[in-house]
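What follows is one structure encoded as structure tokens, with my remarks underneath.
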Amino acid sequence: MSTVAGHYSYWMTIVLIVAGMYILIARGNLMKKLLGLAVLQSSVYLLYIAPAKLLGGTAPIVAQGYTVYSNPLPHVLILTAIVVGVATLALGLAMVVRIREAYGSIEEDEILARDRADDDRAPDGAR
Amino acid sequence: MLEHVPALQVALPLVAAPLIVLVRSRRFAWLATTVVSYLCLLFSIQLAWRVAASGPVSYAIGSWPPPWGIEYRVDALSAFVLVAVSLTASFVAPYAQRSIAVEVARDRQYLMYAMYCLSLAGLLGIVITGDAFNLFVFLEISSLASYVLVALGQRRQALMAAYQYMLMGTVGATFYVIGVGLLYLMTGTLNLVDMAERLRAVEDARPVLVALAFITVGMGLKLALFPLHHWLPNAYAYAPSMATAFLAATGTKVSVYVLLRYYFTVFDPVPLFSHLPTEEVFVALSVAAMIVASFIAVFEKDVKRLFAWSSVAQIGYITLGIGVDNQSSLTGSIVHLLNHGVTKGAIFLLLGGVALRAGLAALPLRSLAGLGRRMPLTAFGLVIAGLSLVGVPGTAGFITKWYLVLGALERGWWWLVAAIVGSSLIAVAYVWRVVEAMYLHPGDAGAPHRREAPPAMLAAAGAMVLLCVYFGFETGFSVGGAADAAAFLLRGLR
Amino acid sequence: MAAVVVALALQRNLFGAVVLFGIYSFLMATVLVALDAVDVAMTEAAVGAGVSTVLLLGALYLVGGMETKPLVRPLAPLALSLAVGAVLAYGMQGLPEFSDPQAPIHVHVAPRYLNQGPKETGVPNVVTAVLASYRGFDTLGETVVVFTAGAGVIALLRRRQKRK
Amino acid sequence: MTGDLVLRIVAKLLMPFMLLFALYVQFHGDYGPGGGFQAGVIAATAIVFYAITFGLAAAQRMVPERLVERLLAVGVLLYAGVGFAGLALGGNYLDYFVLDPDSVHGQHRGIFWVEAGVGITVAAVMLKLFYMFAGRGRDAGDA
């Protein structure tokens, strides 16, 4: 019983989650934050898929000559998760493009500063 | 056909969205949205009636028996939340036509309706499903649609608000998936009922504990639980009026529902959880939310943001009931899902009318000056709904607080009663500021004369205001349903 | 893969970061093949390394390439991320070992898919069978998610018909 | 966009094969890896490739934006429609057993149409995304 080796994939998942969250929180650039988000989302893939594998097994496409297959259910779930990930990414990018057009910047602090200036200058919020 | 109502409840709004995109007509979009919203309300009432008569309803999608297929499962709790969500939707839909026509660019209006339908379908799907991963999928549908709804706001701040909402929301959803993944690895199943049964046999509690933590934090982000609420004020303040009303009345509530579901039907039967400090954590965070967020609301300059902060505080009441954890307090929590939805929905619908007539994209407090004369009905409605926020007897808000206080007293927690009363006093302060602006400050000399919001909008908003009062007196459905749901939760699994 | 991710965190040129992200996705796809998840790997290669990268580059062209600001207060976020990692590490101690045939996910629910799936649905690729039939509603939801994103992007990026 | 003759000819030659491959992935998903989602992405990629070599306008002439927007919705409706067909024929929602007297055959039929729905929507969305982002570039900054 070798816990470190037996849990290798889990450790990898943790590394990805930590890295993703770090990029997401620490970076002020809106594009970079989206990349962090994508890494965070992809960390889930390993969490689900790695335990589904059985050594000596094969991909879950039933054929003659094989008896041991990997668990197909996590594969299905992660297919969905990947799709959700790219959908979120696309929407996020569209927002970043619009933000860039509206503010001329994609740095979080610059944008927030401009918002504050807006609030001070036009407190009536005229269109 | 009646036995297929659970599937139709979600499938109809889901199909309405692509139809709207296909037809690309504003009239059709509005018509489809309204029809679907009313049908959803009918379906949810039928389901609630069926659950009350003969216990939980189970529906196997694709005729695959659970846990292999996806099960739709309606019990006392989900039936109640379904009614609450579709009730709000049925008021927002007729309101939307004029509001969207003014606030959203012409060629995007039909997409706005489509997003609204998707959001509704997603929320209903979350509530009705009995499958952990299916819940995630519908969570994403409703979330993505909500991000777009917020981003379609008129000012450029709406984009940034939507972006931040999206980051927080996606992190929340990812945390939820991580939690579900851990549970799946320990039980091998995704069906919630099956999962609860198999969790009892799990020996190593560590992954389950961490799953609990991840699901709590994930859902906490979605429902704006106190320290995780940063996205909410901006998102509510800059979204189009109709989106704010709909999201404020339903979005966070559904996330609370998910927490309730996991805590009481999935985790509760596991003996290990009896000695966890979850109660204390929830009570502490809720009280903090009730006090701090209310305080911020008092000093807020923008009316929509003021009420958005008030939402954070009101969510505190809902989670407080989970923390106190007895029949009365849970009844209070669950009934507040409905009562607060109705109250906040009414407020934001009314504010939408004000913004429309004033021609403003944002509503600073000053812009309400003289509203008592300019729009007397709207102003009066805001006062009633404000009283319901405070919890004055005779309004829906009072019922909630009554049950929460009862629950606290049953536990002998006097200080908690004091906290509830204290936070209500702060609510008096911020509601007063609105009232003061409307009635005591004279409007500008050049302000337009008396002109109410368009009839359809005023009628929808007015009906919701009436509901605030109705649920304050006639509690047969609201408290009755909530008490059934609370009893069901505390009984755990049958 | 870990190295690529760390490089990604440190890279300040956005173009470089996007390329690194593509490499990361491709590595992920390779790992997935090694784990027998061929369908998933194919999707990840097409979506993660393909579509995502194209979209990222397209957006990058519109917003411009350099991340100008240095890191702001990098310690607090790092601590928070590490705390999340630590919590997860604690929980993962209790998870089943890699490739343990007695793990719950291999003895409950899944066996029916593998044993009965081809007979019940007539489709030997069990992933397809589960995806489209047993959990068909998930996939409907997934399609709707894609649809939502598509319609949402249209709503956000459609050009006004006439301007000014 | 580019006047490179070799690239143009290669692109012209490759197009049918890429689309054919997409169809193969779509319909072979029952027996090997693949399915509607992957096929949709590949089909969209083929057209994106065309757009890159011959210019966005040329691609939009071949696959107009209006059509793409319609297809976006058609795919979802097809999928959901299969669900309603199950209802109409007396089964539950998304019940494929009732689609054919022979239940296994019914399953097969259901999966086929459902995957087709996924493929259509995914291809349309991916293409639409590309159109949106690429089309934006020409007037970036003045919207």
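Could you please let me know if A:L77 is over 23 Å from B:F214 (Cβ atoms), modelled with pLDDT of 80 or more and crowded, with 20+ Cβ neighbours inside 10 Å?
no
Out of the residues in the stretch B:92-113 that are surrounded by fewer than 24 Cβ atoms within 10 Å (Cβ to Cβ) and within 8 Å of chain C (Cβ to nearest Cβ), which is modelled with the highest pLDDT?
Ranking the candidates gives B:R108 first.
Could you pull out the residue among D:A85, D:A39, D:A80, D:A73 that is within 13 Å of the chain's Cα centre (by Cα) and closer than 29 Å to B:Y72 by Cα?
Going through D:A85, D:A39, D:A80, D:A73 in turn, the sole match is D:A73.
With at pLDDT 85 or above, surrounded by 19 or more Cβ atoms within 10 Å (Cβ to Cβ) and in a helix (DSSP H, G or I) as the only criterion, which of B:V35, B:V15 stands out?
Of the residues listed, the single one that is at pLDDT 85 or above, surrounded by 19 or more Cβ atoms within 10 Å (Cβ to Cβ) and in a helix (DSSP H, G or I) is B:V15.
Kindly provide the set of residues from the stretch C:97-132 that are touching a Phe, Trp or Tyr at 6+ places or on another chain (Cβ under 6 Å) and facing chain B (nearest Cβ under 7 Å), ordered by number.
C:R112
With respect to A:V62, determine if the residue is in contact with a helix residue (DSSP H, G or I) (Cβ under 8 Å, 6 or more places away or on another chain), over 30 Å from C:Y61 (Cβ atoms) and surrounded by 24 or more Cβ atoms within 10 Å (Cβ to Cβ).
For A:V62, the condition - in contact with a helix residue (DSSP H, G or I) (Cβ under 8 Å, 6 or more places away or on another chain), over 30 Å from C:Y61 (Cβ atoms) and surrounded by 24 or more Cβ atoms within 10 Å (Cβ to Cβ) - is not met.
Tell me the helices (runs of 4 or more DSSP H) entirely within the stretch B:268-370 that contain at least 3 residues that are modelled with pLDDT of 90 or more.
Here the list reads B:303-324, B:327-358.
I'd like to know if the stretch B:38-49 contains one or more residues that are over 17 Å from C:A155 (Cβ atoms), at pLDDT 90 or above and within 14 Å of chain D (Cβ to nearest Cβ).
Within the stretch B:38-49 (the criterion being over 17 Å from C:A155 (Cβ atoms), at pLDDT 90 or above and within 14 Å of chain D (Cβ to nearest Cβ)), the answer is yes, since at least one residue qualifies.
Condition check: within 14 Å of chain B (Cβ to nearest Cβ) and surrounded by 15 or more Cβ atoms within 10 Å (Cβ to Cβ). Does D:G75 satisfy that?
Considered against the rule, which asks whether it is within 14 Å of chain B (Cβ to nearest Cβ) and surrounded by 15 or more Cβ atoms within 10 Å (Cβ to Cβ), D:G75 comes out as yes.
Would you check if there is a residue in the stretch C:38-46 being modelled with pLDDT of 80 or more, buried (at least 20 other Cβ atoms within 10 Å of the Cβ) and over 21 Å from A:A38 (Cβ atoms)?
Scanning the stretch C:38-46 turns up at least one residue that is modelled with pLDDT of 80 or more, buried (at least 20 other Cβ atoms within 10 Å of the Cβ) and over 21 Å from A:A38 (Cβ atoms).
Based on what the data block shows, is C:E120 of a type in the set (D, E, K, R), touching a helix residue (DSSP H, G or I) at 6+ places or on another chain (Cβ under 6 Å) and without any contact (Cβ under 8 Å) to a residue 60 or more places away in the chain?
In short, no.
What residue, among those in the stretch B:161-206 that are within 9 Å of chain C (Cβ to nearest Cβ) and charged (D, E, K, R), is farthest from C:Q93 (Cα to Cα)?
B:D194
I'm told B:M375 meets every condition in (1) over 19 Å from the mean Cα position of the chain (by Cα); (2) surrounded by fewer than 22 Cβ atoms within 10 Å (Cβ to Cβ) except one. Can you identify the failing condition by its number?
Condition (2) is where B:M375 drops out.
Quick one: B:V137 ticks every box in (1) closer than 30 Å to B:G62 by Cβ; (2) more than 9 Å from every other protein chain (Cβ to nearest Cβ); (3) of a type outside the set (D, E, K, R); (4) buried (at least 23 other Cβ atoms within 10 Å of the Cβ) except a single one, so which number is it?
It fails just one condition, (2).
Check the stretch A:94-103 and report whether any residue there is under 12 Å from the mean Cα position of the chain (by Cα), crowded, with 24+ Cβ neighbours inside 10 Å and of a type in the set (A, V, I, L, M, F, W, C).
No, every residue in the stretch A:94-103 fails to be under 12 Å from the mean Cα position of the chain (by Cα), crowded, with 24+ Cβ neighbours inside 10 Å and of a type in the set (A, V, I, L, M, F, W, C).
In the stretch D:80-133, what residues are closer than 16 Å to B:I61 by Cβ and either of a type in the set (V, I, T) or more than 14 Å from chain B (Cβ to nearest Cβ) (or both)?
Residues satisfying the conditions are D:V82, D:V98, D:I111, D:V114.
So which residues in the stretch D:59-107 are without any contact (Cβ under 8 Å) to a residue 12 or more places away in the chain and among the aromatic types (F, W, Y)?
D:F84, D:Y93, D:F97, listed by residue number.
The values are calculated or read from the model by the stated rules, or taken from the named source; none is laboratory data. The shown structure was predicted, so the numbers you read here are calculated from the model rather than taken from an experiment. Every residue, glycine as well, gets a Cβ built from its backbone with ideal geometry; the counts of neighbours run over all protein chains shown.
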